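The values are calculated or read from the model by the stated rules, or taken from the named source; none is laboratory data. Not measured: the values here are computed from a predicted model. Backbone-built Cβ (ideal geometry, glycine too); neighbour counts: all protein chains shown.
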């Protein structure tokens, strides 16, 4: 009888162990919460579900934001590593850097990193042969400058607000300086270390620029409404490299959908969960650039969008 009971107990323990092995745990962290990064997170989750995983059945997902603090990002990374998930998804450069620094064993999939090489997440665009892979949102500056000239044909001076501590922003700054100067267009770049500094930085551009160009600098995006307010009040067109910006008041944007970046990153997560080593997966760059425009914002910021621009746009908000 005792042997029979012992056998039952062992079978129950084995069953729970097997069940635990079938549940995949994915930890997602982002440096801050704002629409672009939130869309990456949602895209990753939706791709996991589309691939057959079921939340709270064979998939557990936890998410934490660092609320804009690099110190908090490092703390979250250490806590995630201690919990030993199957994969950590790190959204935006500071969170990715903190996570990669915290573990050499747990698979890490970065997402939405403008220049993962400059950020020292990868050495090149080849498989890393370690625990890291991911998807970059890198965009060539040349097409972005052509986009600016398409929206503001006579542009002579471009304003750019950036966070000096964000590698993605400083990389864009360097490329803008080089390529705008080649076309005799001046760049007035203003640093803003904190979200609270964005309004002050914007005021320094008053009367000096023909447009303001914005990228996914996390400080800038987190305070985007204050930048829109400045652009509206001073009749300066606000342009962006990320489509989500037009919903928040930019005149136009040319870039990739961050939800699509999330879905693309999610595919890499699925491959890792299915047993593929992250170091064998080639890092990728986001796909499908789209032009989107906001006619109502254009009116507020004192610019007429040409018929060609409107007709060529993937998405149009407002009416002529």
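Here are some notes:
- Some residue of the stretch 209-218 being within 16 Å of the chain's Cα centre (by Cα), in contact (Cβ under 8 Å) with a residue 12 or more places away in the chain and part of a helix (DSSP H, G or I): yes
- Take the conditions (1) surrounded by 13 or more Cβ atoms within 10 Å (Cβ to Cβ); (2) within 20 Å of residue 87 (Cβ to Cβ); (3) more than 22 Å from the chain's Cα centre (by Cα); residue 317 misses just one of them, which is (2).
- Whichever residue in the stretch 277-292 is touching a helix residue (DSSP H, G or I) at 6+ places or on another chain (Cβ under 8 Å) and either assigned to a helix (DSSP H, G or I) or in contact (Cβ under 8 Å) with a residue 60 or more places away in the chain (or both) and, among such residues, is nearest to residue 258 (Cα to Cα): 286
- Selection count, the stretch 246-262, where residues are in a helix (DSSP H, G or I) and touching a strand residue (DSSP E or B) at 6+ places or on another chain (Cβ under 8 Å): 5
- Of the residues examined, residue 273 is one that is at pLDDT 95 or above, surrounded by fewer than 21 Cβ atoms within 10 Å (Cβ to Cβ) and closer than 20 Å to residue 46 by Cα.
- Taking the criterion of being touching a helix residue (DSSP H, G or I) at 6+ places or on another chain (Cβ under 6 Å) and assigned to a helix (DSSP H, G or I), the residues of the stretch 179-208 that qualify are 179, 195, 198, 199, 202.
- Among the numbered conditions (1) farther than 17 Å from residue 91 by Cα; (2) in contact (Cβ under 8 Å) with a residue 12 or more places away in the chain, the only one that residue 274 does not meet is (2).
- Filtered residue count, the stretch 99-118, keeping only those that are under 26 Å from residue 25 (Cβ atoms) and buried (at least 21 other Cβ atoms within 10 Å of the Cβ): 11
- Out of 124, 130, sole residue that is outside the structural domain of residue 301 (by TED's automatic domain parsing), outside any helix (DSSP H, G or I) and without any contact (Cβ under 8 Å) to a residue 12 or more places away in the chain: 124
- Residue within the stretch 58-69 that is at pLDDT below 95, surrounded by fewer than 16 Cβ atoms within 10 Å (Cβ to Cβ) and at positive phi present: yes
- Restricting the stretch 119-139 to residues that are touching a helix residue (DSSP H, G or I) at 6+ places or on another chain (Cβ under 7 Å) and either surrounded by fewer than 24 Cβ atoms within 10 Å (Cβ to Cβ) or at pLDDT below 95 (or both) leaves a set whose member that is farthest from residue 47 (Cα to Cα) is 119.
- Among residues of the stretch 161-171 being free of Cβ contacts under 8 Å to residues at least 60 places away in the same chain and not in a strand (DSSP E or B), the one that is surrounded by the most Cβ atoms within 10 Å (Cβ to Cβ) is 169.
- Within the stretch 286-304, the residues that satisfy the criterion of being modelled with pLDDT of 95 or more and either touching a strand residue (DSSP E or B) at 6+ places or on another chain (Cβ under 6 Å) or closer than 30 Å to residue 87 by Cβ (or both) are 291, 292, 293, 294.
- Within the option set 205, 238, being in contact (Cβ under 8 Å) with a residue 40 or more places away in the chain, crowded, with 24+ Cβ neighbours inside 10 Å and over 19 Å from residue 37 (Cα atoms) holds for one residue only, 238.
- When residue 176 is tested against (1) part of a helix (DSSP H, G or I); (2) without any contact (Cβ under 8 Å) to a residue 12 or more places away in the chain, just one condition goes unmet, and that condition is (2).
- Residue 165 vs. criteria over 30 Å from residue 312 (Cα atoms), in the same structural domain as residue 219 (by TED's automatic domain parsing) and within 18 Å of the chain's Cα centre (by Cα): yes
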